[in-house]
Structure formats: C-alpha cells, structure tokens
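The values are calculated or read from the model by the stated rules, or taken from the named source; none is laboratory data. Model, not experiment: these values are computed from the prediction. For neighbour counting, all protein chains shown are included, and Cβ atoms are generated from backbone atoms with ideal geometry for every residue, glycine included.
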Amino acid sequence: GQQVMQIPQYQHVQEGEDFTTYCNSSTTLSNIQWYKQRPGGHPVFLIQLVKSGEVKKQKRLTFQFGEAKKNSSLHITATQTTDVGTYFCAAMNRDDKIIFGKGTRLHILP
Amino acid sequence: DGGITQSPKYLFRKEGQNVTLSCEQNLNHDAMYWYRQDPGQGLRLIYYSQIVNDFQKGDIAEGYSVSREKKESFPLTVTSAQKNPTAFYLCASSQRVLAYNEQFFGPGTRLTVL
C-alpha cells in the first residue's frame, strides 16, 4: 500500500543547532500533517499542509510541502531541549485514511 | 475539559487472556481510531470507526476486536489470538474520518503480556 518514508530515523544535535526531518512519498499526496510525540507521551498535532509549495511557520518551526506534493520537511531553527521527541508526518492514502510515517526521533545534546 | 481518556495507563496480563482497553472522548467527534505503536514502527492502524455501530479494519486488525455502541466510547479488545500483544496502544478521534481533520490522541495504554 501507499507509504510515507521519513528520514532520518534518529538525529542527535547540539542544543542551538538546526534540525530537519523529511517525509517522502512515491505518489502525489492530497495533504500532509505533522505530529510531535514527547518521550512517554502521545502524538500532538502540529500543522497541516495542503497546497503545492506551501510554507508555514510556527515560531522556530518551518514546514514545507513540495511543489510536486510528494515530499515535505520540518525544519527547527536553534533547537532547544523542549524540542526533544519524535516527529511524525502523516498523509492521506487512496482510501482517504491517514497513514503515518515511522517518525524521526530527535535527541538534543546539552 | 474536552479530550480523550484511556484507561488504564499500564496493563499487565497473562498470555492467553483477553484484555479490553478503554477509550472515551467528549469532543463530540464522529470518528475514532485505535493505533498500535512499537519502537521504530511508527503508528499502525488497528481499527477505526466513522459512526456509531460501524467500524472498519485497519492495517493490523488480526487478533483484535472493537465495538462502537456509543459515540463517546470505542473499546479495544486484545484477544488471545494476537501473537505479539505487548505494545503501546493509542486511541484517537477526529471530527470525520476524512484525513483533512486533525486527530486528537489519548494518553495511551501500555500493555505488557507476561
């Protein structure tokens, strides 16, 4: 079935460095959603992108949807310890249901 | 406070026993979902329900059963037929099943089968 691939699986960064996670699909996506799961917690919705080439910002977080609507990225500027967690992308499949990527686990080194 | 509750947070069962995980929401959402999360596997959909008395299998439904007798409640039963039931189980809801609606997740139940 349709899948969304996320890379990298893990990322360690020094506090203050930037971080980017990528979400890729072999097929055109209708939309892309991003969720964050803190260690020991549950996923929390961050944002949804729908339009080709769309860029949205939330403070230090920048979300992009590719022009072909086959990929997306989440970029965090100047990471802080509060950014620790796993970031998931999610997209709609042909059956109009959400499918989740495997996530990128971000670890911040103090 | 509106939200989704799951109970219990931790659950231990002996192998061969059925166990039911609770999920309740007061968000007035039509759609509810059950996911299983294993390390490095992301979220895998077990079952979902679009409306009361209706539910559909997800990607890994074997060994699980659900019911949706009330809009607010969507309990999941992990049966003895599930070969590897130890996992973190997450319940979620959204206004509709359509994927343009964000999903709200409960705190999860961590099931350990001994």
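Here are some conditions: (1) of a type in the set (Gly, Ala, Ser); (2) in a loop (DSSP other than H, G, I, E, B); (3) surrounded by 14 or more Cβ atoms within 10 Å (Cβ to Cβ); (4) within 14 Å of chain A (Cβ to nearest Cβ). B:GLY40 meets all but one. Which one does it not meet?
Just one mismatch for B:GLY40, condition (3).
Find all pairs meeting these conditions: Cβ atoms under 7 angstrom apart; at least six residues apart or on different chains; first residue within segment A:73-89 and under 20 Å from B:PHE104 (Cα atoms); second residue of a type in the set (Gly, Ala, Ser).
Filtered contacts from segment A:73-89: A:THR86/A:GLY103; A:TYR87/A:GLY103; A:PHE88/A:GLY101; A:PHE88/A:GLY103; A:PHE88/B:GLY42; A:CYS89/A:SER72; A:CYS89/A:GLY101.
Which condition does A:PHE65 not pass, out of (1) in contact with a Phe, Trp or Tyr (Cβ under 9 Å, 6 or more places away or on another chain); (2) aromatic (Phe, Trp, Tyr); (3) touching a residue at least 24 places away in the same chain (Cβ under 8 Å), if it passes all the others?
(1)
Give the number of residues within segment B:86-114 that are over 22 Å from A:LYS97 (Cβ atoms) and free of Cβ contacts under 8 Å to residues at least 40 places away in the same chain.
1
Take segment A:88-110 and flag every residue that is in a strand (DSSP E or B) and either of a type in the set (S, T, N, Q) or within 14 Å of chain B (Cβ to nearest Cβ) (or both).
Residues satisfying the conditions are A:PHE88, A:CYS89, A:ALA90, A:ALA91, A:MET92, A:ILE98, A:ILE99, A:PHE100, A:THR104, A:ARG105.
Going by what's in this entry, would A:THR21 be described as out of contact with any Gly (no Cβ under 7 Å at 6 or more places or on another chain), in contact (Cβ under 8 Å) with a residue 12 or more places away in the chain and within 11 Å of chain B (Cβ to nearest Cβ)?
So A:THR21 fails the test.
What number of residues within segment B:43-74 are more than 14 Å from chain A (Cβ to nearest Cβ) and not in a loop (DSSP other than H, G, I, E, B)?
The number of residues fulfilling the criteria is 7.
For segment B:88-109, give me each residue that is of a type outside the set (Lys, Arg), more than 7 Å from chain A (Cβ to nearest Cβ) and surrounded by fewer than 18 Cβ atoms within 10 Å (Cβ to Cβ).
The answer is B:PHE88, B:GLN95.
Kindly indicate which of A:LYS70, A:LYS57, A:LYS51 is of a type in the set (Lys, Arg), within 14 Å of the chain's Cα centre (by Cα) and either loosely packed, with under 14 Cβ neighbours inside 10 Å or within 14 Å of chain B (Cβ to nearest Cβ) (or both).
None of the others qualify; the one that does is A:LYS57.
When you check A:SER26 against the structure, is it among the small types (Gly, Ala, Ser) and more than 9 Å from chain B (Cβ to nearest Cβ), yes or no?
yes
Take the residues of segment A:74-110 that are out of contact with any Asp or Glu (no Cβ under 9 Å at 6 or more places or on another chain), surrounded by fewer than 19 Cβ atoms within 10 Å (Cβ to Cβ) and modelled with pLDDT of 95 or more: which is nearest to B:ALA92 (Cα to Cα)?
Restricting to residues being out of contact with any Asp or Glu (no Cβ under 9 Å at 6 or more places or on another chain), surrounded by fewer than 19 Cβ atoms within 10 Å (Cβ to Cβ) and modelled with pLDDT of 95 or more, the top hit is A:VAL84.
Going through A:PRO43, A:PRO39 one at a time, which residue ends up being crowded, with 20+ Cβ neighbours inside 10 Å, in contact (Cβ under 8 Å) with a residue 12 or more places away in the chain and within 13 Å of chain B (Cβ to nearest Cβ)?
A:PRO43
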